[in-house]
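> Quick one: this structure, given as structure tokens, is what I'll be asking you about.
The values are calculated or read from the model by the stated rules, or taken from the named source; none is laboratory data. As the structure is a computational prediction, the values presented were derived from the model and not from experiment. As a convention, Cβ positions derive from the backbone with ideal geometry for all residues, glycine included, and neighbour counts pool all protein chains shown. With ligands, DNA and RNA removed, areas are computed over all heavy atoms of the protein, side chains included. Shrake-Rupley method; radii C 1.70, N 1.55, O 1.52, S 1.80 Å.
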Amino acid sequence: MKITVVGTGYVGLVTGTCLAENGNDVICVDIDEKKVERMKNGEIPIYEPQLDVLFDRNIDAGRLSFTTSLHEGLDHGEIIFLALPTPEDEDGSADLKYVLGVAEDIGKYITDYKVIVDKSTVPVGTAEKVEQTIAKYCSSEFDVVSNPEFLREGYAVEDFLKPERIVIGTSSKKAEDLMHRLYKPFVRSGNPIIFMDEKSAELTKYASNSFLATKITFMNEIANYCQIVGADVDKVRIGMGTDSRIGKRFLFPGIGYGGSCFPKDVKALHKSGQDVNHQFKILDAVVQVNEAQKTILFPEIKNHFMGDLKGKKIGLWGLSFKPETDDIREAPSLYMIDKLTEAGAEVTAFDPEAMPNVKSQIGDQISYCEGMYEASKDVDALLICTEWSIFRTPDFKKLKAEMKSPVIFDGRNLYEIDEMTEAGFRYSSIGRKHV
């Protein structure tokens, strides 16, 4: 099938590449000329495991190409995916200016039947707005479909190629048949393609992400309570997670969630509720708790140094909001960096992928190191913000020898408390009883 993907951000590039991997002829459109030129030259602009292999293979096979011309893209594709930014507006709502701007251009350019697919995460009613915008300028037949993505950063290729489910919102039988034909090869193992109305599909994405954010936040609340009463959140987590009604996933406490999805989607659903006089009281709490959780370790760090962090050297492992990505949007590490540097501390940091993105955002506010042990050399304490796998089994003897003081504040509960005590570290984590 001939496919066009408008927007080559995280969702757009994964979507286009994976659709090409399944034999489709895909053109990706982006207005950033330098970015398009880099991709034409085989340079992938984001870090995502396995994506580079598929990217190169499908460019070489001629199934994946790039252009800055929307007109060229619209002429090519029978299905047009809109994978455009929907940034958080000042009031917390999703800003649809990019989606509706492209919809207007689509209405002016298309001359034969197209299926326009909202792949971006958008509020309820967006498909209707896109349809109305296109219809203002278009005399040919078209359908607008909602097809939210459920891609986990770090696992996006696997999630796209082997989805747990595919959600498609459409009221058109013609569009349904085309979308079923496109996605049928991805669900040969029997996972469902779920068809529903457009508004329900749009809400499914927001509801899913908001529920997962709520689950994380609830566990962080339990962890904070464990800290006060002397319980162990790891034992509580295991006891809860073995209940099949609850499940084991998203029960790990830490220093809050970040990224491009959970923070924005929770706020957007909350604002959408307000717009129709519905108050999502649970989401109020989720936002408030998560904001506080990002810096939950700062008071403990400050107390350890008797309230004075001036001149103290803090090593920091992990800058991305989660492992296996270079995404730093709403990353707890950035909030901790602000707190530490405002208090006069010097921060030396290492992350396997995210350091260039952090440097482009905050410059030389911190020092960037070539490796994890370099970041911990001569530090007064080490702070762990991201659970990259390389941080899980360090050489503790080497680490202790490198550090000025063997003090670790672990925002991701990577290590066992008794093992850290035996290794001679002063160790602090989230919601666990420390001896």
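> Can you tell me which of K235, K215, K205, K199 is within 25 Å of the chain's Cα centre (by Cα) and open to solvent by 70 Å² or more (accessible area, probe 1.4 Å)?
K199
> Of everything in segment 1-17, what is of a type in the set (A, V, I, L, M), open to solvent by less than 10 Å² (accessible area, probe 1.4 Å) and over 21 Å from the mean Cα position of the chain (by Cα)? Give them in sequence order.
I3
> Restricting to segment 284-305, count the residues that are open to solvent by less than 10 Å² (accessible area, probe 1.4 Å) and over 30 Å from E402 (Cα atoms).
2
> Across segment 44-71, what is the number of residues that are part of a loop (DSSP other than H, G, I, E, B), under 22 Å from K2 (Cβ atoms) and either of a type in the set (D, E) or out of contact with any strand residue (DSSP E or B) (no Cβ under 9 Å at 6 or more places or on another chain) (or both)?
Looking only at that region, the number is 1.
> Might you let me know whether segment 306-322 holds any residue that is buried (at least 20 other Cβ atoms within 10 Å of the Cβ), under 22 Å from K215 (Cα atoms), of a type outside the set (K, R) and in contact (Cβ under 8 Å) with a residue 12 or more places away in the chain?
Scanning segment 306-322, I find at least one residue that is buried (at least 20 other Cβ atoms within 10 Å of the Cβ), under 22 Å from K215 (Cα atoms), of a type outside the set (K, R) and in contact (Cβ under 8 Å) with a residue 12 or more places away in the chain, so the answer is yes.
> Restricting to segment 218-232, and then to whatever is open to solvent by 30 Å² or more (accessible area, probe 1.4 Å) and part of a helix (DSSP H, G or I), can you tell me which residue is farthest from T295 (Cα to Cα)?
Only one residue fits best here, namely V229.
> In segment 299-345, how many residues are part of a loop (DSSP other than H, G, I, E, B) and of a type in the set (D, E)?
Final tally of qualifying residues: 5.
> Next question, about the same structure. Looking at (1) modelled with pLDDT under 95; (2) of a type in the set (S, T, Y); (3) surrounded by 14 or more Cβ atoms within 10 Å (Cβ to Cβ), which one does S189 not meet, given that it meets all the others?
(3)
> Given the conditions (1) farther than 22 Å from V11 by Cβ; (2) in contact with a strand residue (DSSP E or B) (Cβ under 7 Å, 6 or more places away or on another chain), report the number of the one that Y183 does not fulfil.
Going through the list (1) farther than 22 Å from V11 by Cβ; (2) in contact with a strand residue (DSSP E or B) (Cβ under 7 Å, 6 or more places away or on another chain), Y183 breaks only (1).
> Of the conditions (1) more than 30 Å from I80 (Cα to Cα); (2) in contact (Cβ under 8 Å) with a residue 60 or more places away in the chain; (3) surrounded by fewer than 17 Cβ atoms within 10 Å (Cβ to Cβ), P253 clears all except one; give me its number.
(3)
> Do we find that D91 is within 30 Å of V287 (Cα to Cα) and either surrounded by fewer than 23 Cβ atoms within 10 Å (Cβ to Cβ) or of a type in the set (K, R) (or both) in this structure?
yes
> Follow-up. Return the residues of segment 18-66 that are open to solvent by 60 Å² or more (accessible area, probe 1.4 Å) and among the hydrophobic types (A, V, I, L, M, F, W, C); say none if nothing qualifies.
Matches in segment 18-66: I31, V53.
> Just wondering, is there one or more residues in segment 167-175 that are open to solvent by less than 40 Å² (accessible area, probe 1.4 Å) and assigned to a helix (DSSP H, G or I)?
Yes: segment 167-175 contains one or more residues that are open to solvent by less than 40 Å² (accessible area, probe 1.4 Å) and assigned to a helix (DSSP H, G or I).
> With respect to A135, is the statement that it is open to solvent by 50 Å² or more (accessible area, probe 1.4 Å) and either modelled with pLDDT of 95 or more or farther than 22 Å from V14 by Cβ (or both) true?
Yes, satisfied.
> From (1) of a type outside the set (A, V, I, L, M); (2) buried (at least 18 other Cβ atoms within 10 Å of the Cβ); (3) on the phi > 0 side of the Ramachandran plot, pick out the condition that doesn't hold for G125.
(2)
> Can you find a residue in segment 351-362 that is in a loop (DSSP other than H, G, I, E, B), modelled with pLDDT of 95 or more and open to solvent by less than 10 Å² (accessible area, probe 1.4 Å)?
Among the residues of segment 351-362, at least one is in a loop (DSSP other than H, G, I, E, B), modelled with pLDDT of 95 or more and open to solvent by less than 10 Å² (accessible area, probe 1.4 Å), which makes the answer yes.
> I would also like to ask the following. Considering only residues that are out of contact with any helix residue (DSSP H, G or I) (no Cβ under 9 Å at 6 or more places or on another chain) and either modelled with pLDDT under 95 or open to solvent by 50 Å² or more (accessible area, probe 1.4 Å) (or both), which ones fall in segment 67-85?
Within segment 67-85, E72 is the sole residue that qualifies.
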